[in-house]
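To start, the structure itself, in structure tokens.
Each value in this text was obtained by applying a stated rule to the coordinates, not by laboratory testing. Every value quoted in this text rests on a predicted model; they were computed, and no experiment measured them. Using ideal geometry, Cβ is built from the backbone for each residue, glycine included, and neighbour counts are taken over all protein chains shown.
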Amino acid sequence: MIPSIKTLMNLRDFTNQPITRDQAKSIRGIMERAVTRAEKHLLYPHSSHRGALAAINAVLNGCGVERIEPGNNNRSPAIDYVNMGDTYDTTVMIVRGRFRVGCWGDIVDRGNYS
């Protein structure tokens, strides 16, 4: 499942301005192409989705794509995300092979990443 345009409209760019509907559509299109590519070529989602995050980073004018390695239990998945400058800023992430919108700081707070 890919986040809806309505959900993507909750994102803000790096200057903390709300994104436009056209930007949300662009981000969703990037996600759809990545998922289709992964399914068509039987790729593990991470391999095609990580490239999509780089394109999404350009749309959001973010600070790059970063990764948090998995922690010590099931509540501590690997997280790839567009860095928006703050741990608790809403961003686009890949968690367990799926695109998510949220803040990676909340996931880390709940997990065991020591």
*When only DSSP loop residues count, what trypsin sites (Lys or Arg not before Pro) in region 1-107 have their Cβ near at most 15 other Cβ atoms within 10 Å?*
Arg75, Arg96
*Equivalent ellipsoid semi-axes for the chain, as square roots of 5 times the alpha carbon gyration tensor eigenvalues: give them largest first, rounded to whole Å.*
21, 19, 11
*Could you give the size of the charge dipole of the chain about its Cα centre, using +1 on the Cβ of each K and R and -1 on the Cβ of each D and E, expressed in debye and rounded to the nearest 20?*
460
*What list of ³J(HN,Hα) values in whole Hz, one per residue of region 71-88 in order, does the Karplus curve 6.51 cos²θ - 1.76 cosθ + 1.60 (θ = phi - 60°) give from phi, with Gly and Pro shown as x?*
x, 9, 8, 5, 7, 10, x, 5, 9, 9, 8, 7, 6, 9, x, 9, 3, 9
*Sum -39500 (n - 2.57) across every DSSP H segment of at least 4 residues in the chain, then divide by the residue count to get the 222 nm mean residue ellipticity, nearest 500.*
-12500 deg cm²/dmol
*Got a sec? Charge dipole of region 5-110, +1 on Cβ for Lys and Arg, -1 for Asp and Glu; which of Ile27, Ile79, Val108 is way out at the positive end?*
Ile27
